[in-house]
Structures are given as C-alpha cells and as structure tokens.
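Asker: If you scroll down you'll find the structure; I have some questions about it.
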Amino acid sequence: MNETNNKDINFEVSIKRLDEISASLERENVSLEDALTLYEEGVKLVRICNEQLESAERKIKLLKMSPDGEMIEEDLISAKEAE
C-alpha cells in the first residue's frame, strides 16, 4: 500500500482491504514473508480506521433534554468522558 495521507483513504475501502488481508492470512499457502507484509499493511489500515472513527466521534453531537426541558447539544466525546 502506498504511503498517503490518512484522510485520502476511504474508510469503507480500508475495511474491505482488511477483510481481504484477513482472508489471505487464513489461507495455509501464504509464505511467512507475504504474511508479514500483509500483517504490516493491516496494522496501518487499522490505525487509519481508528483515526477516522475518532475524528467522526469528535464531530458527533448528542441532543439531550436539560432538567428545565430545553434541548441542549453535547459533544459525544464529552459525554463518554463523563461516564
């Protein structure tokens, strides 16, 4: 996989590639060298996907009802940290 900006890699494409890597690693006829190369690619893709998910979570707002009945917005990250 080419080195590229993480924002340039589509999340869904990354997940599909991870599925392909997983299937390849499950086959018994993969050489150790090929398996290590696939594993390294998979690790990079997992990191990229995690970064993209964290970025999406930072953008998500929760709508809550305040005690006085008003709707208020709260960041998803703030709500998770409060738990």
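The values are calculated or read from the model by the stated rules, or taken from the named source; none is laboratory data. All values reported here derive from a predicted model rather than from experimental measurement. Cβ atoms come from the backbone with ideal geometry, glycine included; neighbour counts cover every protein chain shown. Please note that ligands, DNA and RNA were not included when accessible areas were found on the heavy atoms of the full protein model with its side chains. Shrake-Rupley method; radii C 1.70, N 1.55, O 1.52, S 1.80 Å.
Asker: Here are the criteria: (1) over 12 Å from the mean Cα position of the chain (by Cα); (2) of a type outside the set (A, V, I, L, M, F, W, C); (3) modelled with pLDDT under 95; (4) open to solvent by 80 Å² or more (accessible area, probe 1.4 Å). Tell me which single one Thr4 does not satisfy.
Answerer: That leaves (4) as the condition not met.
Asker: Conditions first: (1) part of a loop (DSSP other than H, G, I, E, B); (2) aliphatic (A, V, I, L, M); (3) touching a residue at least 24 places away in the same chain (Cβ under 8 Å). Leu18 passes all but one, so which condition is the exception?
Answerer: (1)
Asker: Further, regarding this structure: Is it true that Asn29 is exposed (fewer than 14 other Cβ atoms within 10 Å of the Cβ) and not in a helix (DSSP H, G or I)?
Answerer: Considered against the rule, which asks whether it is exposed (fewer than 14 other Cβ atoms within 10 Å of the Cβ) and not in a helix (DSSP H, G or I), Asn29 comes out as yes.
Asker: Kindly list the number of the only condition in (1) open to solvent by less than 90 Å² (accessible area, probe 1.4 Å); (2) part of a loop (DSSP other than H, G, I, E, B) that fails for Asn50.
Answerer: With (1) open to solvent by less than 90 Å² (accessible area, probe 1.4 Å); (2) part of a loop (DSSP other than H, G, I, E, B) applied to Asn50, the lone miss is (2).
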